[in-house]
Amino acid sequence: MTTTDHGTIPDAEPLAAATDLATALRELIELSVVTTVAPAEVRAVAELVRGASERLAVARRPVSQLPALGGRAFDPVGGEASALALPLVMRREDDGVVGEATLGVAYEGPPTYVHGGVSALLMDSVLANAAVAAGVWGMTAHLELDYRGPLPIGQALVFRARVAETSGRKSQIVGTIALASAPDQVLVEARGLFIKPRQEKVDTYFDGITDASGERPSQSRASDATAVPEEG
């Protein structure tokens, strides 16, 4: 690990290795839902995967310990080292945030369309990014979605969100999903209430959490929730 004036930066090689593994696993997951090879071949691959799992299982961190690669590396939305991660890339723009993603068949609900629950997961993350970008980080208290049309698999999607209102510890955040080819035609609309917990709640929620060195990390930092690069 490297420490700078801006915080702790994960070493490049472990992060690169974890990202390489995550990329390979995402490819495997996508192929597992579209392959038509013979059952015997599928079982043979399953045995190979079990063997790989055994190699990784010989050393593992407890769930209460934050990863050495950084708090967001394994996030299920956009985490570069997570095999589960939805391929969402975010940036700041104007008074909010914008993101892009193209989802494969692994995220399918109705045939050829994205599962509605995946849309909810994505929008929860996008709204949270907008909150942090505005300096009003909080935890999701309420999330509401209107599905105006299905999201097609394999087509570029654009996500937008901004803080609509802030009062004390509460922030109302709104966002949308549309096709990148038709950004003004909203397919999913979201509204979320995010609340910054009181310090006693933070202490209760995250009691026992340690960083990779075994020390208790600082808590309730906006940078722990997300990181959204500036536009451009």
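Residue-level check: of (1) touching a residue at least 12 places away in the same chain (Cβ under 8 Å); (2) part of a helix (DSSP H, G or I), GLU54 misses just (1). Quick test for you: out of ALA40, ALA46, ALA101, ALA73, pick the one residue that is surrounded by 12 or more Cβ atoms within 10 Å (Cβ to Cβ) and farther than 25 Å from ALA178 by Cα. It is ALA73. Evaluating ILE177 against the criteria (1) within 19 Å of the chain's Cα centre (by Cα); (2) modelled with pLDDT under 85; (3) among the hydrophobic types (A, V, I, L, M, F, W, C) leaves one unmet condition, (2).
Here's a check for you: in region 135-149, which residue that is surrounded by fewer than 16 Cβ atoms within 10 Å (Cβ to Cβ) and outside any strand (DSSP E or B) is modelled with the lowest pLDDT? Checked region 135-149; the qualifying residue modelled with the lowest pLDDT is GLY135.
Exactly one residue out of VAL77, VAL114, VAL98, VAL158 is touching a helix residue (DSSP H, G or I) at 6+ places or on another chain (Cβ under 8 Å), under 30 Å from LEU31 (Cα atoms) and modelled with pLDDT of 95 or more: that is VAL114. For VAL63, state whether it is out of contact with any strand residue (DSSP E or B) (no Cβ under 9 Å at 6 or more places or on another chain), modelled with pLDDT under 90 and hydrophobic (A, V, I, L, M, F, W, C). When the stated conditions are applied, VAL63 passes them. Looking at VAL163, VAL114, VAL126, VAL132, just one residue is crowded, with 17+ Cβ neighbours inside 10 Å, in contact with a Pro (Cβ under 8 Å, 6 or more places away or on another chain) and hydrophobic (A, V, I, L, M, F, W, C), and that residue is VAL114. Residues in region 187-220 that are hydrophobic (A, V, I, L, M, F, W, C) and closer than 18 Å to ASN129 by Cβ: VAL188, ALA190, LEU193, PHE194, ILE195. Here ALA73, ALA59, ALA106, ALA18 are screened, and the one residue that is touching a residue at least 60 places away in the same chain (Cβ under 8 Å) and not in a helix (DSSP H, G or I) is ALA73.
The values are calculated or read from the model by the stated rules, or taken from the named source; none is laboratory data. Computed from a predicted model, the values in this text were never measured in an experiment. Positions of Cβ are generated from backbone atoms using ideal geometry, with glycine treated the same way; all protein chains shown enter the neighbour counts.
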